[in-house]
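Engineer: One structure, pasted below without further comment.
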Amino acid sequence: MELVTRSKMDRDDLFKRLLRAFSFEPTTGQRTVIRHLAAFLLSEKHHPAYLLKGYAGTGKTTLVTTLVSVLPQIGKRYVLLAPTGRAAKVLQNYSGKPASTIHRKLYQRTALADGSVQVRRVLNKYRDAVFIVDEASMIGTGGTDRSFTSKNGLLDDLIDYVTEGENCRLLLIGDQAQLPPVGTDESPALSFDVLKFSYSLTIASFELTEVMRQSLESGILYNATALRQQLQTEQITLPFFRLGAFSDIEQVVPELFEELLQDAFGSRDYTESVIVCRSNKRANLFNQAVRVRILGMEGELASGDLLMVVKNNYFWLDQQDTSGFIANGDILTVQRINRFENMYGKHFADVDVRLVDYPDSPQLSVKIMLDTLMLETPSLSEQAFSEFAAEVEADYADIPSRRKRYAMMKTNPYFNALQVKFAYALTCHKTQGGQWPKVFVESGLSPEAEPDHQYVRWLYTAVTRATQKLYLVNFGDRFFCDEQ
C-alpha cells in the first residue's frame, strides 16, 4: 500500500483514489459525496466537518467502508463512533473495523473519596484524526444527568471533544427520516443550520436520495423507500406496502404468529430477532407472551431472561474499568439469579449478567430494580424516583449535612440498582441504531385510525431495523397493495 502525504496529494488525486476504492459504479449523488469527502479530508479551514445524510439503501455504509480503507493511505487516523452499543456493533460489522459508543470514547469515570463516582469528559489527544459518527439522528443536545460534571448535551460534548484535537475533523452520518431524539421534533446533529450557527465548525453537507439499484431488489428496502417518499408528500395515502414477489417481507397471518415467534426466539439466540412496538404497554404484552408461551419462563424474572437497561448507570462496573458505564440501551442476559429482596418500598434482585453487545466483557454481578420491568413509561418517573430517593435518604438521617447524606446515598447499591425492561419486544426508539436479521413490526394503530406523517416516520424507522426478514403484525388489508 502506497502511503501518500498531504503535500503530495491534491483533491483530484484523492477523489480518484476514493473512487477506485468504491465497490460499485457510483450514483450521481455518491460521486458528489466522494468529491466532497476529498475536499473535506484535505481542508485546512477552521474545524472542518461534513454532514452526510441519506435514506436507507442509498450507499452510506459503502461510502464509510471506502473511506476507512483509504484514510490510512493518506496518513490519517480514524475513530468510528455511534450513540449506542448496538449501533456501534452494526458500524463495526459493516466497516470491518473497531467501533465504540460515543460515551465510552468521551467520558471517564472517576472514583471520589466518598466512594461515589463522577463522570468527566476526557481530553482529546488525537492528531490528524477523522471522527466518523454513524446514526447521528439519535444524538441530542439535552443536558446530561446528575452524575456528569458537564451539563452540556452529548452533541455539545462530542463537538467540543473533536475540535479540541489537533487537526481533527468530524463526519456525521444519518437518516433524517428516522426518529429524532425523544422529546424533539428534529435531530440537531443532522441539522445543517444547528451545526453551522451553534458551533465553531466549517460545515458542508449533502443528502443522498437515489437508492442503489441492488438495494431495490430487497422488499424491505423497496418498501422503506416507498414510506420515505410518503414523508415527502403533503398527504399520507394508503396502501403503504407492496409485497409482490418479495420473499423478505410478509404480512403475518394471526394463526401462524406463534409459530413464527417460536422460530424466531425458541433457540434463545437473542441476536437474531426483535419485536418493535409503538408503546411500552404493547411491548410489555409481547414480552410476556414470548417469555411464557415461547420460552417457558416462570415468575417475575428467570435465568436466561433478556433485559435492556433503561437508564445510564455508573456504579456496577469495576472501579478500575474507566472505559465507560452501563448505558441506557445496553442489552443484558441474566446468567444467574442469586436472590430477591424488598427494600425501600421496591423489589430487587441480585443477578449475574452479561452485556450482549460486548461479548468480550466479563460477567457482572449487579442489583436490578424489578419494579421497572413492566412500567408503561420508559423508566422510573421523576416523581417515583424522588419518592424512592427520599426512602433511601431516611436511612442516613443521622448525618446532619444534606451534601454528605447524598454522597452516602450514591454508594448505596439499592439506590444504584439498574433500571431494566424485558428486551424481546421494544419500542422503536429503543431499537434505533440496531439491526436484526428478523424483525416483527406491530402496527400500533387502531383499525379506525388514519396514519399521519409522525406515524410514517415511526414506521420507516421500524421497518429499516430488519436486514433479512420483516414480519408485519396486525396491519389491516388496507395497508397492502393488491398488485403482485
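So that you can scan it fast, the table gives a plain yes or no per residue for (1) among the polar types (S, T, N, Q); (2) over 22 Å from the mean Cα position of the chain (by Cα); (3) modelled with pLDDT under 95:
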{"residue": "ASP318", "(1), (2), (3)": "no, yes, yes"}
{"residue": "PHE325", "(1), (2), (3)": "no, no, yes"}
{"residue": "ASN328", "(1), (2), (3)": "yes, no, yes"}
{"residue": "VAL334", "(1), (2), (3)": "no, no, no"}
{"residue": "GLU341", "(1), (2), (3)": "no, yes, no"}
{"residue": "TYR344", "(1), (2), (3)": "no, yes, no"}
{"residue": "ASP352", "(1), (2), (3)": "no, yes, no"}
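Engineer: Right, GLU210: within 30 Å of ILE159 (Cα to Cα) and open to solvent by 60 Å² or more (accessible area, probe 1.4 Å) or not?
Structural biologist: Details: within 30 Å of ILE159 (Cα to Cα): yes; open to solvent by 60 Å² or more (accessible area, probe 1.4 Å): yes.
Yes; evaluated as a whole, the condition is true for this residue.
Engineer: On the basis of being assigned to a loop (DSSP other than H, G, I, E, B), under 18 Å from ARG478 (Cβ atoms) and not β-branched (Val, Ile, Thr), does GLY433 make the cut? Write out each step before concluding.
Structural biologist: Details: assigned to a loop (DSSP other than H, G, I, E, B): yes; under 18 Å from ARG478 (Cβ atoms): no; not β-branched (Val, Ile, Thr): yes.
Spelling it out, it is not the case that GLY433 is assigned to a loop (DSSP other than H, G, I, E, B), under 18 Å from ARG478 (Cβ atoms) and not β-branched (Val, Ile, Thr).
Table: residues versus (1) under 30 Å from ASN312 (Cβ atoms); (2) part of a helix (DSSP H, G or I).
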site	(1), (2)
PRO26	no, no
LEU41	no, yes
LEU52	yes, no
THR58	no, no
THR65	no, yes
SER69	no, yes
PRO72	no, yes
VAL79	yes, no
VAL90	yes, yes
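Engineer: For the stretch 191-204, what are the residues that are open to solvent by 20 Å² or more (accessible area, probe 1.4 Å) and either out of contact with any strand residue (DSSP E or B) (no Cβ under 9 Å at 6 or more places or on another chain) or under 24 Å from VAL456 (Cβ atoms) (or both)?
Structural biologist: PHE192, ASP193, VAL194, PHE197, SER198, SER200
Engineer: In the stretch 166-190, what residues are surrounded by fewer than 18 Cβ atoms within 10 Å (Cβ to Cβ), in a loop (DSSP other than H, G, I, E, B) and on the phi < 0 side of the Ramachandran plot? Quick ask: steps written out before the conclusion?
Structural biologist: So the first thing to find is which residues in the stretch 166-190 are surrounded by fewer than 18 Cβ atoms within 10 Å (Cβ to Cβ), and the list is 166-167, 182-186.
Subset that is in a loop (DSSP other than H, G, I, E, B): 167, 182-186.
Correct list: VAL182, THR184, ASP185, GLU186.
Engineer: Another question, then. Does the stretch 444-466 contain at least one residue that is open to solvent by 30 Å² or more (accessible area, probe 1.4 Å) and part of a strand (DSSP E or B)?
Structural biologist: no
Engineer: Then there is this: Looking only at helices (runs of 4 or more DSSP H) that fall completely inside the stretch 213-319, which ones have 3 or more residues that are open to solvent by 60 Å² or more (accessible area, probe 1.4 Å) and not charged (D, E, K, R)? Outline the logic, then answer.
Structural biologist: Working: elements: 219-231, 254-265, 280-289.
Because the criterion is at least 3 residues that are open to solvent by 60 Å² or more (accessible area, probe 1.4 Å) and not charged (D, E, K, R), the helices (runs of 4 or more DSSP H) in the stretch 213-319 that meet it are 254-265.
The values are calculated or read from the model by the stated rules, or taken from the named source; none is laboratory data. Keep in mind that this is a model prediction, so the values were computed, not measured. We place every Cβ from the backbone using ideal geometry, glycine too, and count neighbours over all the protein chains shown. Calculation scope for accessible area: heavy atoms of the full protein, side chains included, ligands and nucleic acids excluded. Shrake-Rupley method; radii C 1.70, N 1.55, O 1.52, S 1.80 Å.
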